[in-house]
Amino acid sequence: MTPTAAVSPTALAATAKRAARALGFAACGVTDLAPSGAAAALDRWLAAGFQGEMAYLERQAPVRRAPALAWPEARSAVVVLHGYYHADVDPAPGRGRVARYALGDDYHAVMKERLARLGAALAAAAGTGRFRAWADAGPLPERELARRAGLGWVGKNTMLIAPGLGSWTFIGVLLTDLALAPDAPFDADRCGTCRRCLEACPTQAFPAPGVLDATRCVSYLTIEARGPIPPELERGLGDRLFGCDVCQDVCPWNVRFAREAEEPRFRPRPAVEWPTLAELAAMTEREFDEALGATALERAGRAGLARNAAAVLRNTRREVGATQAARCPAA
Ligand code: B12
């Protein structure tokens with residue numbers, strides 16, 4: 001049964017935005033649960049096999065096409081962005097590079113906790129309401145919902161780019177059976193003629209603007225893939241141990257708008273506290289859990305990180321070899 005709120009959908013949407021700001025979210029918008037306009041693009045993407053081993057994306061496709069299936073009683077989606085950018089992210093000697101989003105505490109728990117507090121603020125204002133929160137781990141088409149909630153556009157690098165913020169943001173979604181006034185979708189494409197992300201990708205993972213072949217993406221290869229890294233793509237990893245930020249680093253919207261995240265739990269842990277590549281290559285499961293269990297790196301698993309560490313070590317040796325050969329060409 002649909003609850004009757006004590007306040008209007010417009011007032012509730014305003015409450016959501018105020019509460020989101022107070023909780024530290026960088027932006028908040030509202031949309032409905034209509035079928036996704038990106039369903040055909042998703043189907044083409046899956047048919048091309050760009051999901052690789054991520055079979056869950058096929059299983060979850062019905063919900064990605066029609067987000068209302070996630071919770072048929074939901075009437076509104078409150079979508080939030082949370083910044084995680086930090087400038088100083090270079091690895092300490094002997095370590096690999098970790099993508100910015102994973103340098104602090106695991107963001108899933110932080111986002112879920114904040115979304116629960118957002119729900120509590122809405123329930124207090126409405127005098128009723130039920131809520132379910134998602135951030136990353138779930139079947140919702142989060143970037144499409146964020147675009148529809150007016151928060152930004154999906155760029156050529158497939159990232160949700162928000163005007164005035166850029167793309168260094170996590171997306172969180174709070175579904176509710178309350179009715180909130182929806183925002184106008186973000187229909188503009190502000191990438192223009194820029195192709196920097198497409199050209200900078202170290203493994204040429206974009207077959208077309210706005211389409212990522214995940215099976216070539218360093219993020220997929222170092223986090224999601226369980227098998228070996230294809231030899232022809234290994235060099236593209238460079239020093240990247242976990243995840244990749246290249247297509248965001250070069251984005252002019254990030255160059256201009258990136259600002260340090262305030263959330264202490266997203267602060268990078270000191271570079272020297274990460275395990276070295278040699279340690280990662282030889283860790284037991286228990287050591288791995290102790291060292292990285294509270295971070296997003298857990299997703300890759302011990303074997304995955306050991307594989308990545310070995311690849312980065314080979315790349316480092318190649319680099320050193322190439323530098324020496326350039327210095328003494330006759331040697
Ligand atoms: C699977 C997944 C991945 C996969 C595949 C990524 C991908 N681009 O599809 C891998 C492992 C590679 C990955 C990597 C990363 N991910 Co990820 N990932 C997801 C996940 C779980 C699902 C994404 C998905 O459905 N992909 C399938 C494709 C088809 O869907 P989509 O990218 O949303 O598609 C949009 C566009 O591509 C576009 N589109 C599709 N086809 C076409 C065709 C044309 C012609 C055009 C113009 C457009 C277009 O329309 C779609 C809808 O808007 C979401 C969380 C979620 N539940 O949504 C997080 C999510 C997208 N990831 C996120 C992050 C942070 C990352 C990384 C930055 C992490 C890192 N540093 O390593 C990288 C970025 C790489 C990149 N450029 O995408 C954030 C993105 C936040 C943001 N501001 O955009 C999300 C939303 C998680 C979160 N809650 O914060 N990820």
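The values are calculated or read from the model by the stated rules, or taken from the named source; none is laboratory data. Source: prediction; values computed, not measured. With ideal geometry, Cβ positions are generated from the backbone for all residues, glycine too; neighbour counts draw on all protein chains shown. These area figures cover heavy atoms from the full protein model, side chains too; ligands, DNA and RNA do not enter into them. Shrake-Rupley method; radii C 1.70, N 1.55, O 1.52, S 1.80 Å.
Conditions: (1) near the ligand (Cβ under 7 Å from one of its atoms); (2) in contact with a Gly (Cβ under 8 Å, 6 or more places away or on another chain). A133 meets all but one. Number of the miss?
Going through the list (1) near the ligand (Cβ under 7 Å from one of its atoms); (2) in contact with a Gly (Cβ under 8 Å, 6 or more places away or on another chain), A133 breaks only (1).
Quick one: G243 ticks every box in (1) within 7 Å of the ligand (Cβ to nearest atom); (2) at positive phi; (3) open to solvent by 20 Å² or more (accessible area, probe 1.4 Å) bar one, so which box is it?
(3)
What are the residue pairs meeting all of these: first residue in region 88-109, first residue more than 12 Å from the ligand (Cβ to nearest atom), second residue among the basic types (K, R), Cβ atoms under 6 Å, and 6 or more apart or on different chains?
Every condition considered, the pairs that remain are P91/R97; G104/R265; G104/R267; D105/R265.
What number of residues within region 156-196 satisfy the criterion of being charged (D, E, K, R), surrounded by fewer than 17 Cβ atoms within 10 Å (Cβ to Cβ) and closer than 27 Å to A34 by Cα?
So the count comes out to 3.
Cβ contacts < 7 Å: first residue free of Cβ contacts under 8 Å to residues at least 60 places away in the same chain, restricted to region 225-254; second residue open to solvent by less than 20 Å² (accessible area, probe 1.4 Å), any location; separation 6+ or different chain. Result?
These pairs meet every condition: L233/T203; L233/L221; G236/T203; G236/V218; V246/C201; V250/C197.
Which of the residues that make up region 18-42 are under 21 Å from the mean Cα position of the chain (by Cα), modelled with pLDDT of 95 or more and within 10 Å of the ligand (Cβ to nearest atom)?
Answer for region 18-42, where residues must be under 21 Å from the mean Cα position of the chain (by Cα), modelled with pLDDT of 95 or more and within 10 Å of the ligand (Cβ to nearest atom): A39, A41, L42.
If a residue has to be part of a helix (DSSP H, G or I) and open to solvent by 20 Å² or more (accessible area, probe 1.4 Å) to count, how many in region 3-12 make the cut?
3
Report yes if some residue within region 181-188 is out of contact with any Cys (no Cβ under 7 Å at 6 or more places or on another chain), assigned by TED's automatic domain parsing to the domain that holds R117 and more than 8 Å from the ligand (Cβ to nearest atom); otherwise report no.
The answer is no; no qualifying residue exists.
A116 - would you say it is open to solvent by 30 Å² or more (accessible area, probe 1.4 Å) and at pLDDT below 95?
Taking the combined requirement at face value, the residue does not satisfy it.
Has region 262-274 got any residue that is farther than 28 Å from S167 by Cα, of a type outside the set (G, A, S) and surrounded by 13 or more Cβ atoms within 10 Å (Cβ to Cβ)?
Checked against the condition, which is being farther than 28 Å from S167 by Cα, of a type outside the set (G, A, S) and surrounded by 13 or more Cβ atoms within 10 Å (Cβ to Cβ), region 262-274 yields no hits at all.
Pairs needed: first member in region 27-46, more than 19 Å from R75 (Cβ to Cβ); second member anywhere, exposed (fewer than 13 other Cβ atoms within 10 Å of the Cβ); C-beta distance under 8 Å; at least 6 residues apart or different chains.
Going by the 8 Å Cβ cut-off, the qualifying pairs are L46/E58.
Going by the structure shown, is P202 under 17 Å from G304 (Cα atoms) and of a type outside the set (F, W, Y)?
The answer is no for P202.
Look through region 197-235, keep the residues that are among the aliphatic types (A, V, I, L, M) and in a loop (DSSP other than H, G, I, E, B), and return whichever of them is surrounded by the most Cβ atoms within 10 Å (Cβ to Cβ).
Per the criteria, the residue is A205.
Out of the residues in region 94-113 meeting the condition of being at pLDDT 95 or above and assigned to a loop (DSSP other than H, G, I, E, B), tell me which one is nearest to A16 (Cα to Cα).
Here the residue is L103.
To keep it simple, each residue is scored yes or no on (1) in contact with a strand residue (DSSP E or B) (Cβ under 9 Å, 6 or more places away or on another chain); (2) hydroxyl-bearing (S, T, Y); (3) exposed (fewer than 14 other Cβ atoms within 10 Å of the Cβ); (4) not assigned by TED's automatic domain parsing to the domain that holds A214.
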site	(1), (2), (3), (4)
A14	no, no, no, yes
V30	yes, no, no, yes
S36	no, yes, no, yes
A40	no, no, yes, yes
R65	no, no, no, yes
R100	no, no, no, yes
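Does L69 satisfy being out of contact with any strand residue (DSSP E or B) (no Cβ under 9 Å at 6 or more places or on another chain) and either modelled with pLDDT under 95 or over 21 Å from D177 (Cα atoms) (or both)?
Considered against the rule, which asks whether it is out of contact with any strand residue (DSSP E or B) (no Cβ under 9 Å at 6 or more places or on another chain) and either modelled with pLDDT under 95 or over 21 Å from D177 (Cα atoms) (or both), L69 comes out as no.
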